[in-house]
Structures are given as C-alpha cells and as structure tokens.
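Peer 1: Dumping the structure here so I can ask a few things about it.
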Amino acid sequence: MISGKAGRGTALGAVLLSLLTVPVHSATAAPASPEPSAAGSRAAAPAAPDLEALRTALKAALANGAPGAMARIDDNGTAHKVAEGVADRATGRAISASDRFRVGSVSKTFTAVVLLQLVDEGKLNLDAPVNSYLPDLIDQRITVRHLLSHRSGLYDYTNDMFARTVPGFEAVRNRVFSYRELLDLSLAKPLTVTPGTSYAYSNTNFVVAGTLIEKITGRGVATEYRERIIDPLDLDDTSYVHPSTAISGRHTKGYLTPDEAGAPLVDSSYQTASWAQSAGAVISSTRDLNTFLSALMGGRLTSAAQLTQMQQWTPVNSTQGYGLGLRRRDLSCGVSVYGHTGTVQGYYTFAFAAKGGGRAVTSVANTSNNGTVLNVLPRTLEATFCGAPGSGARTAARAAAPTERFEDIAPSIRRD
Ligand code: HEL
C-alpha cells in the first residue's frame with residue numbers, strides 16, 4: 001500500500017483484522033472460477049509488446065468509424081505511445097496518447113479500491129448485507145460483495161435510459177441525478193437474478209457502492225478518489241468533476257455513433273455523466289490508468305488480502321471473469337490480464353495490467369455505440385501482452401484464440 005497519506009488509515013491492525021476475516025462464499029454464491037493455468041507461458045519471459053500490431057489495431061478502429069484511437073503501454077518503466085486519427089473533427093487536431101478522456105466503467109475499479117481500503121481499515125465487511133450500513137435500502141440478501149461482483153441482481157436502469165442511443169443521451173446529458181433517484185429507477189423493476197447466484201452486470205451496483213462510500217466516510221466519492229488514489233499516485237490527469245460537464249486540459253473529443261446507419265456522429269464530449277457517477281464518471285489519461293492499474297496489481301493500493309478478494313472470479317464467459325470491480329481477460333497466448341473496460345458516450349476504453357503490474361496498457365477509441373470498433377480493441381491487449389507472432393508467448397494456444405465478443409448494451413444487451 002502507499003503510505004504516509006492522511007485519510008486512508010490502513011494501519012497494520014486493520015490489515016491484520018482483514019486477514020482474520022477473509023470471507024467465505026456462501027452456499028448460494030456463484031463458484032469462483034480458477035484462472036487458467038497457462039503455467040508454461042507465464043513462466044517464460046514475457047514477449048516484447050508488438051507495437052506494429054498495436055498500431056494496426058488502432059487503424060482498424062479508424063477504418064470502422066472511430067475518428068481517432070490511441071494507446072499507451074507502460075512496460076517496467078518504458079512507455080510506448082501510439083495514436084492514429086483525430087481528437088477533434090472540427091479542427092482536425094491529431095489525437096495524442098496524452099489526451100484526457102472519459103473512462104466510463106474503469107471508474108468502477110476506483111470505487112472498488114476505495115471500498116476495499118475501507119475493508120482494510122475495519123470499517124466495512126464484504127459479506128455484510130448492504131442494508132446493515134444503509135438500512136432498508138435494497139433487498140436484504142444483497143451483500144457488499146454481491147454489489148462489487150455484479151451478483152446482486154439489481155436491475156440496470158441504463159438499459160431503459162439508453163435504449164435509444166442519441167435521444168437517450170441527450171435526455172440525460174445535462175441532468176443531475178442523486179444516487180437515490182438512480183436507485184429508484186432500478187428498484188422499479190424486479191431483481192434479475194437471485195442475489196449471489198450469478199453474474200448480471202449492472203451499473204446500479206456501483207451506484208449503491210458510491211452511496212456506501214458516502215455513508216461510511218461521510219464524504220463524497222470525489223474526495224475519497226482524490227485522497228486515496230489520485231493524489232498518492234500523482235494522477236495529474238485524473239479527476240471526478242461530477243456534475244460539471246467539463247473535461248479540463250488537453251483532451252480528445254468523444255463522438256457518439258447514432259443507431260441510424262449513416263447518421264452523422266454526435267459530439268458527446270461534454271455531459272454531467274450524472275447517470276453514471278461512481279459507476280462511470282472518472283476522467284483520466286492512458287498514463288494515469290496504467291499507473292493506477294500497475295499500482296493496484298503491484299499491491300500498492302490495498303492489502304494483499306483485499307487484492308486477493310478483488311481476484312475472486314465470478315465466471316463471465318469462457319475467457320473472462322469478474323472479481324470485485326475488476327475484470328480478468330484470458331488472452332490467446334495464455335496470459336491473463338486484469339483491469340476494466342469502459343463505454344461512455346463517445347469513448348471506448350480498455351485498461352489492463354499483467355499480474356504484478358509490470359506491464360499495463362490503456363487503449364481508447366473516441367467513439368462508442370459501434371460494436372465493430374469495440375471488438376477491435378481487444379487486439380490491443382493481444383499486441384501488448386502476447387507479443388509478435390512467432391515470439392515465445394505465442395504458443396499453440398494461439399490457434400484456439402477465442403472469437404472476439406461483442407460487448408455493448410441496449411438494444412443488443414451484452415454485458416460480458
Ligand atoms: S456497459 C459495458 C461497460 N460499462 C457499462 C458502462 C460501462 N457503460 C454504460 O452503461 C453506457 C451505456 C451507454 C452506452 C452507449 C454508447 O455506446 O455510448 N450505448 C447505447 O446508448 C446503446 N443504445 C458493460 C459495455 C464495461 O465495459 O464495463 O462503461
């Protein structure tokens with residue numbers, strides 16, 4: 001953990017306490033899936049990133065409709081930056097891998113880290129019902145762990161909000177919601193799964209997580225993100241400015257793809273992101289997200305016990321698991337990587353680090369609601385962590401590479 005900053009109170013006693021209270025999954029919990037062994041490829045020295053393949057992937061994003069795409073790899077102290085296309089269609093300014101952007105659900109990892117630090121401090125129990133901290137808020141069976149692993153069954157209110165892409169966005173672009181209002185949208189619908197039984201991705205979980213942070217700390221998530229993560233890691237490009245619509249500093253604009261084929265892209269850069277808040281309203285850069293995930297996977301943000309909890313995987317599909325605010329993706333070369341993806345109007349983000357945090361990549365396309373672009377971005381992970389074809393890490397497993405999966409929401413709701 002990072003030491004010497006006020007407000008985090010990760011005292012040895014709290015860490016020891018958390019070690020003594022490592023929770024056990026209840027009988028109804030989805031079984032945690034083991035990681036693929038991939039012992040051979042992990043034992044070998046990691047292949048060097050394939051920068052040509054990285055650029056090819058970004059170009060493919062452009063070929064499929066993104067005005068710009070960028071990526072930054074941080075590999076044990078060496079940074080590689082690649083960018084293609086434009087940040088601003090009006091001015092033609094070229095996109096830069098240093099541009100800021102909206103990270104969408106990568107914010108969920110920030111929220112989870114705050115809560116796991118509160119566990120380390122003895123202020124929160126992952127297996128306690130949420131209602132023990134927030135009386136009568138939700139179904140009494142839902143625990144904190146269920147929220148953070150998307151196993152609560154709380155209905156995702158964004159399914160309805162964004163059923164029609166551009167009208168849905170314009171209806172909320174300047175709105176300011178309270179957490180309670182967002183939760184009420186969810187509670188108007190029945191639970192989608194019995195709490196604890198299976199993965200059912202829902203932004204509502206991380207709205208409740210934000211509510212918990214406010215309740216336990218008595219402060220807003222902006223302050224908690226800043227004091228626990230942003231300032232200690234010197235994430236100078238990272239902010240949580242809700243409900244301001246601004247993105248400060250040099251940033252790429254985001255362009256939302258309408259549902260109607262051939263309709264012009266909509267500049268969706270400026271919005272309150274109030275529909276997302278602790279589920280998705282962070283602004284950052286490729287450098288900062290790499291620093292964040294490297295610190296997390298390097299064990300510098302939580303105790304080892306809580307990092308282990310974050311990596312208790314609920315199965316998502318054959319090549320992915322969801323921990324606590326953390327995704328695991330198993331690559332074709334047998335390497336697994338850890339981080340999160342983000343979709344917010346105008347921006348797709350993939351931010352992942354290897355075990356130990358030595359190598360990390362963040363790749364971004366400045367469009368969204370474009371499944372083809374979304375499906376191209378996983379290639380940036382392959383390029384970063386699997387290296388060039390023929391290199392050591394490209395084992396026979398490559399031949400069995402999984403088909404890329406479409407990850408988007410309404411109208412074709414796929415949340416894996
Ligand atoms: S969806 C996801 C991604 N997560 C979830 C969250 C986030 N983002 C959203 O819920 C955004 C919804 C609107 C997205 C919008 C677009 O593409 O800009 N699409 C529509 O309006 C479609 N009608 C699971 C993909 C994640 O990777 O975790 O971020």
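The values are calculated or read from the model by the stated rules, or taken from the named source; none is laboratory data. Since the model is a prediction, treat every value here as computed from it, not as a measurement. Glycine also receives a Cβ, built like all others from the backbone with ideal geometry; neighbour counts cover every protein chain displayed.
Peer 1: Any idea which of R173, R100 is within 15 Å of the ligand (Cβ to nearest atom) and basic (K, R)?
Peer 2: Exactly one of R173, R100 is within 15 Å of the ligand (Cβ to nearest atom) and basic (K, R), namely R173.
Peer 1: Any idea which of (1) closer than 29 Å to A388 by Cα; (2) out of contact with any Asp or Glu (no Cβ under 8 Å at 6 or more places or on another chain); (3) not aliphatic (A, V, I, L, M) is the one T257 doesn't satisfy?
Peer 2: Going through (1) closer than 29 Å to A388 by Cα; (2) out of contact with any Asp or Glu (no Cβ under 8 Å at 6 or more places or on another chain); (3) not aliphatic (A, V, I, L, M) one by one, T257 breaks only (1).
Peer 1: Failed condition for M310, given (1) away from the ligand (no atom under 15 Å from the Cβ); (2) touching a Lys or Arg at 6+ places or on another chain (Cβ under 8 Å), with all others met?
Peer 2: (2)
Peer 1: Something else now. Could you tell me whether region 235-245 includes any residue that is crowded, with 22+ Cβ neighbours inside 10 Å, touching a His at 6+ places or on another chain (Cβ under 7 Å) and either at positive phi or not in a helix (DSSP H, G or I) (or both)?
Peer 2: No, region 235-245 contains no residue that is crowded, with 22+ Cβ neighbours inside 10 Å, touching a His at 6+ places or on another chain (Cβ under 7 Å) and either at positive phi or not in a helix (DSSP H, G or I) (or both).
Peer 1: From T349, T380, which residue is crowded, with 21+ Cβ neighbours inside 10 Å, part of a helix (DSSP H, G or I) and either within 16 Å of the ligand (Cβ to nearest atom) or free of Cβ contacts under 8 Å to residues at least 40 places away in the same chain (or both)?
Peer 2: Every option except T380 fails the conditions.
Peer 1: Taking region 326-343 as the search range and keeping residues that are under 16 Å from P49 (Cβ atoms) and aliphatic (A, V, I, L, M), which one is nearest to the ligand (Cβ to nearest atom)?
Peer 2: My answer is V337.
Peer 1: Do the conditions hold for A48, that is, is it in a loop (DSSP other than H, G, I, E, B) and either away from the ligand (no atom under 16 Å from the Cβ) or crowded, with 16+ Cβ neighbours inside 10 Å (or both)?
Peer 2: Against the criterion (in a loop (DSSP other than H, G, I, E, B) and either away from the ligand (no atom under 16 Å from the Cβ) or crowded, with 16+ Cβ neighbours inside 10 Å (or both)), A48 qualifies.
For (1) surrounded by 23 or more Cβ atoms within 10 Å (Cβ to Cβ); (2) within 23 Å of A353 (Cβ to Cβ); (3) at pLDDT below 95; (4) out of contact with any His (no Cβ under 6 Å at 6 or more places or on another chain), each residue gets a yes or a no:
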| residue | (1), (2), (3), (4) |
| --- | --- |
| D75 | no, yes, no, yes |
| T91 | no, no, no, yes |
| A94 | no, no, no, yes |
| V103 | yes, yes, no, yes |
| A112 | yes, yes, no, yes |
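Peer 1: Which condition does P135 not pass, out of (1) surrounded by 20 or more Cβ atoms within 10 Å (Cβ to Cβ); (2) assigned to a loop (DSSP other than H, G, I, E, B), if it passes all the others?
Peer 2: (1)
Peer 1: Go through region 222-234 and count every residue that is buried (at least 18 other Cβ atoms within 10 Å of the Cβ) and in a loop (DSSP other than H, G, I, E, B).
Peer 2: So the answer is 2.
Peer 1: What number of residues within region 178-191 are part of a loop (DSSP other than H, G, I, E, B) and surrounded by fewer than 17 Cβ atoms within 10 Å (Cβ to Cβ)?
Peer 2: 4
Peer 1: Is it the case that some residue within region 287-297 is modelled with pLDDT of 95 or more and assigned to a loop (DSSP other than H, G, I, E, B)?
Peer 2: There is no residue in region 287-297 that is modelled with pLDDT of 95 or more and assigned to a loop (DSSP other than H, G, I, E, B).
Peer 1: State which residue is surrounded by the fewest Cβ atoms within 10 Å (Cβ to Cβ) when the search covers only region 328-346 and only residues that are within 17 Å of S278 (Cα to Cα) and of a type outside the set (A, V, I, L, M, F, W, C).
Peer 2: T343
Peer 1: Out of H150, H146, which single residue is crowded, with 22+ Cβ neighbours inside 10 Å, within 11 Å of the ligand (Cβ to nearest atom), within 23 Å of T308 (Cα to Cα) and touching a residue at least 40 places away in the same chain (Cβ under 8 Å)?
Peer 2: After ruling out the rest, the residue left standing is H150.
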